[in-house]
Ligand SMILES: Nc1nc2c(ncn2[C@@H]2O[C@H](COP(=O)(O)OP(=O)(O)O)[C@@H](O)[C@H]2O)c(=O)[nH]1
Ligand SMILES: [Mg+2]
């Protein structure tokens, strides 16, 4: 529990002009009395110059700020000491704080206490983490929006919509004779539509946020010898993957970052999806390839269009279609080896003709990739939003549950029945989990352990 007092160096390792030691908990004033030259109780939220000592030894002159609970970052009493930024000074000050009754904080423990004390929700806590680790101005802006509660507000709104539906539905089932305004089937359907739609567009915002932060994930799939590695190299402009006319050369998924007309991408070359793999290395390469296809935002389905369709093309197509079910964009067909001519069987079904060997058609392919990502119908209206993977997964499963409720409602004429309500309760849970409500200890541990000590 949070009844002990924690301390940590809150600034990065190494020396700098200033370094911060942070203490939080019920014994902060006792720690302050033991460490600082203060005689009377400090005024909250006021910076004061103070000598820091460890028993009789003077350690540093620092600027000290005391925050009185609950008006502090953690919601507890907090002391922040801006010391001279030598790691030697900071370590001694920290040791002195520990001798005075504090214990060393675990990673993220200050933010965890802020969460436990209701100062922030989990979405905001993850915003703190994203802000601390932001490397670009874009990432910083996204994280700041999450920290400021943008995501939390959206999720809370969704929760309210769900709760309304739950309340109305449960009232109808539990008290069928009460004179509450009954929710007609049409109205229930309308509300469920709005809920799913709103969730879908938030999910789209999260996806855009991830694209901005991490780049678009593009996987290259297709049967062995279709020219995947050759195309991978051509798109990167380097000879990164081995190209070989013997099938099954590429045994592992290779990943590289690339810039495709200003879109930053992570490109993956997969091992050919062939059915008669010869050994375990190739099999595990194929498994990794399937994983890459599933995780991709866009799959390029490469075909050797100079040859007639084969059974291997067909089984690759099935694998890619299965994978594409989880990605947002449909797979893009790439008719490779156009320099050798195109077999008539491929003329149906569309696709972009290229030659990875000569470079013909690559410009058109790049343009098609670029527009696949920007022609996204909801793309323009939905602002990008930062969220963790955990939150995106929660939202995705909430959406699935809402869709299930919507289907049930459409099929029954009673409006929202008991089965639909069960799905809606699940929606409510998942949304709450995005904000850290009722989160089991392990989830909180996983979230906060990614923080640095002192945050
Ligand atoms: N003529 C021609 N050959 C190609 C083209 N793309 C790849 N190849 C050849 O096809 C063979 C297989 O290519 P590779 O990229 O290793 O195929 P992967 O197994 O799908 O990765 C190699 O001999 C390549 O040189 C192309 O556009 N035109
Ligand atoms: Mg290959």
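The values are calculated or read from the model by the stated rules, or taken from the named source; none is laboratory data. Because the structure is predicted, anything quoted here is derived from the model rather than measured. A quick note on method: Cβ atoms are made from the backbone with ideal geometry, for glycine too, and the neighbour counts reach across all protein chains shown.
Restricting the first member to the range 223-239 and to residues that are assigned by TED's automatic domain parsing to the domain that holds residue 367 and under 13 Å from residue 255 (Cα atoms), and the second to residues that are more than 8 Å from ligand 1 (Cβ to nearest atom) and in a loop (DSSP other than H, G, I, E, B), the beta-carbon pairs closer than 6 Å and six or more apart or on different chains are 233/239; 233/240.
Would you check which residues across the range 326-360 are buried (at least 18 other Cβ atoms within 10 Å of the Cβ), touching a helix residue (DSSP H, G or I) at 6+ places or on another chain (Cβ under 6 Å) and outside any strand (DSSP E or B) and list them? Selection gives 331, 354, 355, 356.
All conditions in (1) within 13 Å of ligand 1 (Cβ to nearest atom); (2) surrounded by fewer than 21 Cβ atoms within 10 Å (Cβ to Cβ); (3) modelled with pLDDT of 90 or more hold for residue 274, with the sole exception of (3).
Evaluation of residue 312 against the conditions (1) closer than 30 Å to residue 211 by Cα; (2) in a helix (DSSP H, G or I) shows that the sole unmet condition is (1). For the range 301-325, filtering for residues that are within 16 Å of residue 220 (Cα to Cα) and in contact with a helix residue (DSSP H, G or I) (Cβ under 7 Å, 6 or more places away or on another chain) leaves 7.
Looking across the range 396-438, the residues that are within 19 Å of residue 120 (Cβ to Cβ) and at pLDDT 85 or above come down to 431, 432, 433, 434, 435, 436, 437. Checking each residue in the range 361-395 for being modelled with pLDDT of 90 or more, assigned to a helix (DSSP H, G or I) and touching a strand residue (DSSP E or B) at 6+ places or on another chain (Cβ under 8 Å) picks out 364, 365, 366, 368, 369. The selection criterion, being at pLDDT 80 or above and within 14 Å of ligand 2 (Cβ to nearest atom), does not hold for residue 247. Residues that are within 21 Å of the chain's Cα centre (by Cα) and not in a helix (DSSP H, G or I) were ranked within the range 99-147; the one that is surrounded by the fewest Cβ atoms within 10 Å (Cβ to Cβ) is 135.
Return a yes/no flag: does the range 18-28 have any residue that is surrounded by 15 or more Cβ atoms within 10 Å (Cβ to Cβ) and more than 15 Å from residue 100 (Cβ to Cβ). Checked the range 18-28: at least one residue is surrounded by 15 or more Cβ atoms within 10 Å (Cβ to Cβ) and more than 15 Å from residue 100 (Cβ to Cβ).
Scanning the range 208-227 for residues that are assigned to a helix (DSSP H, G or I) and crowded, with 22+ Cβ neighbours inside 10 Å gives a single hit, 209. Taken as a whole, the structure places residue 311 among residues that are loosely packed, with under 13 Cβ neighbours inside 10 Å, modelled with pLDDT of 90 or more and in the same structural domain as residue 226 (by TED's automatic domain parsing).
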